[in-house]
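Written below as structure tokens is the structure these notes are about.
The values are calculated or read from the model by the stated rules, or taken from the named source; none is laboratory data. All figures in this text were calculated on a predicted structure; none of them were measured in a lab. Here Cβ is always computed from backbone atoms with ideal geometry, including for glycine, and neighbour counts include all displayed protein chains. Just the protein is used for accessible areas: all its heavy atoms, side chains included, with ligands, DNA and RNA removed. Shrake-Rupley method; radii C 1.70, N 1.55, O 1.52, S 1.80 Å.
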Amino acid sequence: MLILGLTGNIGCGKSSLSKIFIRNGIDVIDADKVAREIMEDENFSKKIYEEFGYEIRNEDKTLNRKKLGSIVFKDEERLEKLNSLTHPMIQEVILSRIEYFKNLNKSITVIDAAILIEHGYTEIVDKLLVVTCNIDEQIRRVQKRDKCTKEEALNRINSQMSQNEKAKIADYIIDNSGTYSELNEKAYKFMVYMKENWCE
């Protein structure tokens, strides 16, 4: 089974590409969804509140991800602390799901993770696909999606490893600075390339 790593910085369209893969019958393990599942565990969320404060909790006692983000995206040490708490559990779930798909004799499984490179998933994946886009479009998308200021968008963008650094170690790059239909076309070309060159 080919394990494809899919990464790209915030606002570059990684999630849109994942959805295209899923529509085309490719299984995707979404690290962000796994993280949300973990955060819903009461014992684990208690650790998060003790570390970052109970003010990041909604009235219904669920985690307010936006408030947590406003703390960690402007403070590298706090972000590292959050990652150190969540990463081991996320990786454990991802590895178990890879085994599940292997047992089903799947030909391709994608790991979709924003911090795939930073957290050592390159040792797990066979090939790495990086989604990029130009900085102005990236800022615009983050502001629109998160309803935040330009400064807040830049804090989130700058908290991640740079696009150029990720692109240097990619096996394949998709530039998603354009429209969704252009991304769809590029995704189709990539899927053909992947199946012809990387799959047995």
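Figures for the structure shown
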quantity	calculated
Some residue of the stretch 10-23 being open to solvent by 60 Å² or more (accessible area, probe 1.4 Å), in contact with a helix residue (DSSP H, G or I) (Cβ under 8 Å, 6 or more places away or on another chain), modelled with pLDDT of 90 or more and over 27 Å from SER162 (Cβ atoms)	no
Contacts under 9 angstrom Cβ, first residue in the stretch 9-34 being over 16 Å from LYS186 (Cβ atoms), partner modelled with pLDDT of 95 or more and of a type in the set (Phe, Trp, Tyr), 6 or more apart	ASP27/PHE21; ASP27/PHE101; VAL28/PHE21; ILE29/PHE101
Every pair of residues 6+ apart whose Cβ atoms lie under 7 Å, when the first sits in the stretch 129-150 and is without any contact (Cβ under 8 Å) to a residue 40 or more places away in the chain while the second is open to solvent by less than 20 Å² (accessible area, probe 1.4 Å) and acidic (Asp, Glu)	none
Residue within the stretch 97-107 that is under 15 Å from the mean Cα position of the chain (by Cα) and farther than 15 Å from MET161 by Cβ present	no
Qualifying residue in the stretch 32-39 (condition: more than 20 Å from SER159 (Cα to Cα) and open to solvent by less than 20 Å² (accessible area, probe 1.4 Å))	yes
